[in-house]
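The structure appears below as structure tokens.
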Amino acid sequence: MIYQRSSALFTEAQLYIPGGVNSPVRAFKAVGGTPIFVKEAKGAYLYDEDGNRLIDFIASWGPLILGHAFEPVIAAVIDKAKKGTSFGMPTEIETQLAKLALSMVPNMEKIRFVNSGTEACMSAVRLARGYTGKDKIIKFAGCYHGHSDSFLIQAGSGAVTFGTPNSPGVTQGTAKDTLLATYNDLENVKELVAANKDQIAAIIIEPITGNMGCIVPIKSFMTGLRKLCTEEGILLIFDEVMTGFRLAKGGAQEVLDIAADIVTYGKVIGGGLPVGAFAAKSEIMNHMAPDGPVYQAGTLSGNPLAMSAGLAMLTALNNAPEIFQSLEEKTAYLHQGMDEILNRHQITHQINRYGSMISVHFTEEPVIDFASSAKGNNDTFKKYFHGMLKKGVYLPPSAFESYFLNDALSYADLDDTLAALEAVAPRLK
Ligand code: HOZ
């Protein structure tokens, strides 16, 4: 493959944009080489500026669950755009999307729309603090909840990819209110809660992680976490920015059968446009301004284009829930094929999967938390990533990310992906 134009565009971008990108993972620093500049995309494929076609396994990091340029979303956005792009005033479509989203997820009564997952998580924590009157939060090493200050403590995703899980610029004052726990380790959480009795407002977690690769929670860990939060008056926040409306209509709450107190959404709920949201029971949500004292606002919140994209996307998922099953089956097929090829070539690896989220770690130990995820061999990962890219398969350019399958991927695409791995695997030794 030739990346001449991507390379030239990247050189130019670096003159004007820090690192040449507007979000660090895209810069390919973890894997080396030149980031691919996308020209357009349709269905399961990306078309880059050099004319290469790539099978896409990131789907804009999750939201394009039905593939790129999904017709109903495009039609809805075009129609809305003709009627005005932003008002900073209420519109009916906000209530329509709120009603539909709440009807799809268990346990939630009111929802507030924002512009990104970062905003959703930041606002959810503020709400939890305002509701409980307590300051501290617990987050898990390797989980990533966007880039607001409280979360950049041992954060996953780009933060760890670039070696800055604790970002400069986050004050000591903020950092001291974020306590760090080990994913899948209930005893560790219990110890932290006991040591900070009556001071913890919320525990925030990716119920199935994507930002240290895909990690599935141990059942007793999740049920124990729920019980602990209820007993201690701590709000359990599920960050469902990646899992919401992807794993099932009701997201991780539904598939894990755990009721969270606050849930944050992003990505899918905007159908690929910038939307995030947080939801809870009315008793909690009524603490938000203007009903209550917890402040949060935004001119672009509930933006009509974003709402119309979200409404079209959620309507499609609501009307065809078999998509979740079909996506899971495709991902299981990929999982089985990759495992078989890597085993046959004697490449040490772990594959974690839940529903349509999957990741490969080149390590001997099971990947169950950040420490085990970080043991993955990054040199092997680099060879794997670039080998697959050369064969026309676009994977997340960091081992600390999940793949997201979209339903436009055909079994022929998956077979092409497995054929690529078959060719690449001998070079991974
Ligand atoms: N941090 C995002 C994935 N976990 C990547 C965002 C992006 O580069 O678009």
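Things worth noting here:
- The 3J(HN,Hα) values that the Karplus relation (6.51, -1.76, 1.60; θ = phi - 60°) gives for segment 208-219 are, in residue order, 10, 7, x, 8, 10, x, 7, 10, 9, x, 5, 4 Hz. Gly and Pro appear as x.
- Tensor-based shape of segment 147-295 (alpha-carbon gyration tensor, a/c under 1.5 rounded, otherwise prolate or oblate): rounded
- Computed accessible area, E401, all protein chains, 1.4 angstrom probe, square angstrom: 10
- Fraction of antiparallel bridges per DSSP, segment 234-310 only, in percent to nearest 5: 55
- For segment 276-429, the antiparallel share of DSSP beta bridges with both residues in that region comes to about 90%.
- The loop-placed trypsin sites (Lys or Arg not before Pro) in segment 145-246, going by DSSP, that have at most 16 neighbouring Cβ atoms within 10 Å of their Cβ come out as K176, K197.
- Å² of accessible area per residue within the chain, as computed with a 1.4 Å probe and no ligands counted: 40
- Rounded to 5, the percent of DSSP beta bridges in the chain classed as antiparallel: 60
- Using only alpha carbons, the chain has a radius of gyration to Kirkwood radius ratio (Rg to Rh) of 0.95.
- At full extension, E191 and A75 could sit 36.5 nm farther apart than now, given 0.36 nm per residue minus the alpha carbon distance.
- Within a straight-line Cα-Cα reach of under 19 Å, K190 can be paired with the following lysines, leaving aside sequence neighbours fewer than 8 residues apart in one chain: K134, K136, K139, K176, K219, K227.
- The lysines within cross-link reach of K39, meaning a Cα-to-Cα straight distance under 23 Å and a gap of 8 or more places when in the same chain, are K29, K267, K390, K391.
- Among A252, A309, A195: highest mean-square fluctuation, GNM of the chain, C-alpha pairs under 10 Å: A195
- MRE, 222 nm, helices only [DSSP H, n ≥ 4, -39500 (n - 2.57), over the chain, to nearest 500]: -11500 deg cm²/dmol
- Apportionment of accessible area to carbon and sulfur, the chain, percent (1.4 Å): 53
The values are calculated or read from the model by the stated rules, or taken from the named source; none is laboratory data. Remember, it's a predicted structure, so these values are computed and weren't measured experimentally. For neighbour counting, all protein chains shown are included, and Cβ atoms are generated from backbone atoms with ideal geometry for every residue, glycine included. For the accessible areas, the whole protein counts, side chains as well, though only heavy atoms, and no ligand, DNA or RNA atoms are used. Shrake-Rupley method; radii C 1.70, N 1.55, O 1.52, S 1.80 Å.
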